[in-house]
1. Any idea which of (1) buried (at least 20 other Cβ atoms within 10 Å of the Cβ); (2) on the phi > 0 side of the Ramachandran plot is the one Ser33 doesn't satisfy?
2. Cβ contacts < 9 Å: first residue among the small types (Gly, Ala, Ser), restricted to region 158-175; second residue assigned to a loop (DSSP other than H, G, I, E, B) and open to solvent by 20 Å² or more (accessible area, probe 1.4 Å), any location; separation 6+ or different chain. Result?
3. Which ones in region 201-240 are of a type in the set (Ser, Thr, Tyr), modelled with pLDDT of 90 or more and not in a loop (DSSP other than H, G, I, E, B)?
4. For Arg56, state whether it is over 22 Å from the mean Cα position of the chain (by Cα) and under 26 Å from Ala135 (Cβ atoms).
5. Return yes or no: is Glu87 modelled with pLDDT of 95 or more and of a type in the set (Asp, Glu)?
6. In region 1-19, which residues are in contact (Cβ under 8 Å) with a residue 60 or more places away in the chain and surrounded by fewer than 16 Cβ atoms within 10 Å (Cβ to Cβ)?
7. State whether the residues of region 124-137 include one that is modelled with pLDDT of 95 or more, farther than 24 Å from Ala226 by Cβ and touching a helix residue (DSSP H, G or I) at 6+ places or on another chain (Cβ under 8 Å).
8. Restricting attention to strands (runs of 3 or more DSSP E) lying wholly within region 51-152, give those where 1 or more residues are free of Cβ contacts under 8 Å to residues at least 40 places away in the same chain and surrounded by fewer than 22 Cβ atoms within 10 Å (Cβ to Cβ).
Amino acid sequence: MTDSALSHFTTQFNRLHKIGDGEPAEFICDFCSGLIQPGDRVATYVSEADLGGFARPYPGTKLYAHRTYCEECDRQHIVYPHEGTSELLLAATVQGDGTHTDWALHESSPDDHGEPWDGQRAFEFVFGAIFEDIAAGAALREWTVGHEDVVDMIRLGDVDLREVFDENGTIIAPEAKQQRIQQQVFDHLTAAGLESHDDAYDRLQEEGRPGAFTCPECGAQADYWAGVDHEPDCSSASPADDK
């Protein structure tokens, strides 16, 4: 993204997010649900894709702003880049009126980067055939559904992404494993639903944020797609890993 394009996007973002005098101002992290205070440095995930198909991009751009992460989550990377979609992770400082200042680029993923995984199919594999209802409900609240939204929901269900996808972004789990994953997610989210907001936030503080990728061959782990450091004899290791 050029500086002028970024400037145009941030101008539109602030115009749409500015809160009028007297309106309630409460900002919540879209991952851990922790409170975001004015002055906090946050990260916002932006892409050129709305999986729900209901929303329109920000005026004069091709971009949708999907998720904002708090300082505690410290999101520095796009967890699972989607090949075929341009994605950005932007840093900014929250102001009391809902606008953001001091924008900077944490990471970008061009449309030829990542794996060509299917966001709707992945969501329904894990959560059942409710994607269209979720997307429609989000649209009524003027929310969007991006690829990282699906990633975060799967991770918050305590599922490693490599349990669902192979390294081509193809869903690989057989039906029996799908049933186990769906039951695991149901049990996990049911237990989480019994917690208060403060309890859930404290648990994430103590346990850390859920992981993302575990190599099924060598067991190497990472919080984001490009961060897996495979063992040298792993078939997934790149030549750079051997150096």
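1. Going through the list (1) buried (at least 20 other Cβ atoms within 10 Å of the Cβ); (2) on the phi > 0 side of the Ramachandran plot, Ser33 breaks only (1).
2. Pairs found: Gly169/Glu83; Gly169/Pro116; Gly169/Asp118.
3. Within region 201-240, just Thr214 meets the criteria.
4. no
5. Yes.
6. Within region 1-19, Lys18, Ile19 meet the criteria.
7. No, because not a single residue in region 124-137 is modelled with pLDDT of 95 or more, farther than 24 Å from Ala226 by Cβ and touching a helix residue (DSSP H, G or I) at 6+ places or on another chain (Cβ under 8 Å).
8. Per the criteria, 100-109.
The values are calculated or read from the model by the stated rules, or taken from the named source; none is laboratory data. Quantities reported herein were computed from a predicted structural model and do not represent experimental measurements. Here Cβ is always computed from backbone atoms with ideal geometry, including for glycine, and neighbour counts include all displayed protein chains. Just so you know, the surface numbers come from the protein's heavy atoms only, side chains and all, with ligands and any DNA or RNA stripped out. Shrake-Rupley method; radii C 1.70, N 1.55, O 1.52, S 1.80 Å.
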